[in-house]
Ligand SMILES: *Cc1c(COP(=O)(O)O)cnc(C)c1O
């Protein structure tokens with residue numbers, strides 16, 4: 001069976017450096033807030049061109065921490081794309097605010113800036129909630145349209161948060177994911193573009209005060225030392241061992257980005273013009289880190305049957321995402337505030353199919369997947 005994301009091949013490619021990093025962390029035994037954590041934070045801040053990187057326990061905490069630090073809570077509206085991983089919207093509920101779901105752009109799968117403007121206007125007119133922040137997601141590795149989104153956020157006096165959990169390594173013009181918005185977050189979940197060997201996350205910002213507050217919140221609201229607690233916080237730290245893993249992975253990251261872009265180009269070339277299959281678009285000036293390679297299957301094609309056929313041939317596929325945020329039972333009671341029907345997102349939930357992609361995928365494997373996919377789509381009408 002082919003791997004959806006082959007972490008075994010990645011380990012094999014960096015085994016000596018990884019083994020050494022892991023063993024030396026164990027030998028030093030600085031498991032909490034060790035040297036590698038500070039090193040990694042400096043390296044990632046540098047990579048993203050930000051003043052600060054504050055690491056934490058996972059990408060979900062990263063989002064919650066930023067919203068908490070911004071003082072977002074009950075009575076506030078936070079605008080989130082309807083088509084994303086649950087955590088992008090869950091964090092809003094975690095701080096007691098109301099998520100407002102915004103439809104996606106049909107070409108990029110990312111938040112549609114025009115529909116965001118409309119949703120903000122409607123919420124303002126209703127006058128029940130205060131529009132406070134926008135969480136834009138770099139879905140499948142492609143940065144959202146931050147040129148337009150930051151304009152909309154600024155015009156409305158709102159904060160902008162980039163959820164780059166999938167986007168790390170993506171680009172927009174000369175800027176990389178993690179550099180957009182008033183703050184950005186990422187996740188080091190193993191299957192993300194930059195993944196560790198467990199859970200991990202980070203926050204990026206240029207705001208000195210925000211960074212200092214985040215450092216306090218990640219360690220129980222510490223003051224000058226950790227037994228002087230000046231506020232309520234969290235226990236949300238990145239393990240030293242995970243930071244050590246990430247430092248080794250950062251050495252290979254730019255090469256991996258090139259490789260995964262080659263793999264995506266193989267797919268795109270082989271699927272060009274295919275009947276009933278449309279591939280992902282990367283607009284001019286953007287670069288993707290290809291967290292996923294997601295195609296849309298045409299109306300007459302039975303997606304579940306295609307997945308079954310491919311599975312029989314040893315090809316794993318995933319549906320990202322089978323339900324949109326506004327279709328989740330968890331958000332049933334906030335739907336009364338919903339302003340947008342999010343029909344593009346709902347349709348994509350029915351038609352999207354993610355194919356295996358990672359930097360270690362081989363050209364003959366892409367040949368095999370595309371060949372089988374085309375045959376399955378012909379057979380499953
Ligand atoms: C994975 C993911 C998260 C959450 O990250 P965790 O580290 O798993 O908590 C948040 N947002 C998006 C878009 C993600 O894909």
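General observations
- Tally of residues being in a loop (DSSP other than H, G, I, E, B), more than 10 Å from the ligand (Cβ to nearest atom) and either free of Cβ contacts under 8 Å to residues at least 60 places away in the same chain or over 18 Å from residue 43 (Cβ atoms) (or both) across the range 171-191: 4
This table checks each residue for (1) over 22 Å from residue 139 (Cα atoms); (2) out of contact with any helix residue (DSSP H, G or I) (no Cβ under 9 Å at 6 or more places or on another chain); (3) surrounded by 15 or more Cβ atoms within 10 Å (Cβ to Cβ).
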| residue | (1), (2), (3) |
| --- | --- |
| 255 | no, yes, no |
| 260 | no, no, yes |
| 266 | no, no, yes |
| 272 | no, yes, no |
| 289 | no, no, yes |
| 293 | no, no, yes |
| 300 | yes, yes, no |
| 311 | yes, yes, no |
| 315 | yes, no, yes |
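- Taken over the range 1-39, the criterion of being under 30 Å from residue 309 (Cβ atoms) and not in a helix (DSSP H, G or I) is satisfied by 1, 2, 3, 4, 5, 6.
- The sole residue among 275, 307 that is at pLDDT 95 or above and either away from the ligand (no atom under 16 Å from the Cβ) or closer than 24 Å to residue 191 by Cα (or both) is 307.
- When the range 197-211 is limited to residues that are within 14 Å of residue 246 (Cβ to Cβ) and crowded, with 24+ Cβ neighbours inside 10 Å, the one that is nearest to the ligand (Cβ to nearest atom) turns out to be 201.
- Residue in the range 213-232 that is under 30 Å from residue 282 (Cβ atoms) and either under 19 Å from the mean Cα position of the chain (by Cα) or at pLDDT below 95 (or both) present: no
- Residue match in the range 95-103 (condition: within 21 Å of the chain's Cα centre (by Cα), closer than 28 Å to residue 134 by Cβ, in contact (Cβ under 8 Å) with a residue 60 or more places away in the chain and in a loop (DSSP other than H, G, I, E, B)): yes
- Residue 54 fulfils the conditions (1) within 19 Å of residue 320 (Cβ to Cβ); (2) within 15 Å of the ligand (Cβ to nearest atom); (3) not in a helix (DSSP H, G or I) except for a single criterion, (1).
- One residue stands out in the range 68-91 among those that are within 12 Å of the ligand (Cβ to nearest atom) and part of a helix (DSSP H, G or I): the one that is nearest to residue 58 (Cα to Cα), namely 87.
- Check on residue 375, touching a strand residue (DSSP E or B) at 6+ places or on another chain (Cβ under 6 Å) and in a helix (DSSP H, G or I): no
- Applying the condition of being away from the ligand (no atom under 16 Å from the Cβ) and under 24 Å from residue 88 (Cβ atoms) to the range 31-50 and asking which residue is surrounded by the fewest Cβ atoms within 10 Å (Cβ to Cβ) yields 49.
- Some residue of the range 147-160 being within 16 Å of the chain's Cα centre (by Cα), touching a residue at least 12 places away in the same chain (Cβ under 8 Å), within 16 Å of the ligand (Cβ to nearest atom) and surrounded by 24 or more Cβ atoms within 10 Å (Cβ to Cβ): no
- Some residue of the range 286-300 being part of a helix (DSSP H, G or I), over 19 Å from the mean Cα position of the chain (by Cα) and over 30 Å from residue 216 (Cβ atoms): no
- Residue 140 in a helix (DSSP H, G or I) and within 16 Å of residue 296 (Cβ to Cβ): yes
The values are calculated or read from the model by the stated rules, or taken from the named source; none is laboratory data. Source: prediction; values computed, not measured. Every residue, glycine as well, gets a Cβ built from its backbone with ideal geometry; the counts of neighbours run over all protein chains shown.
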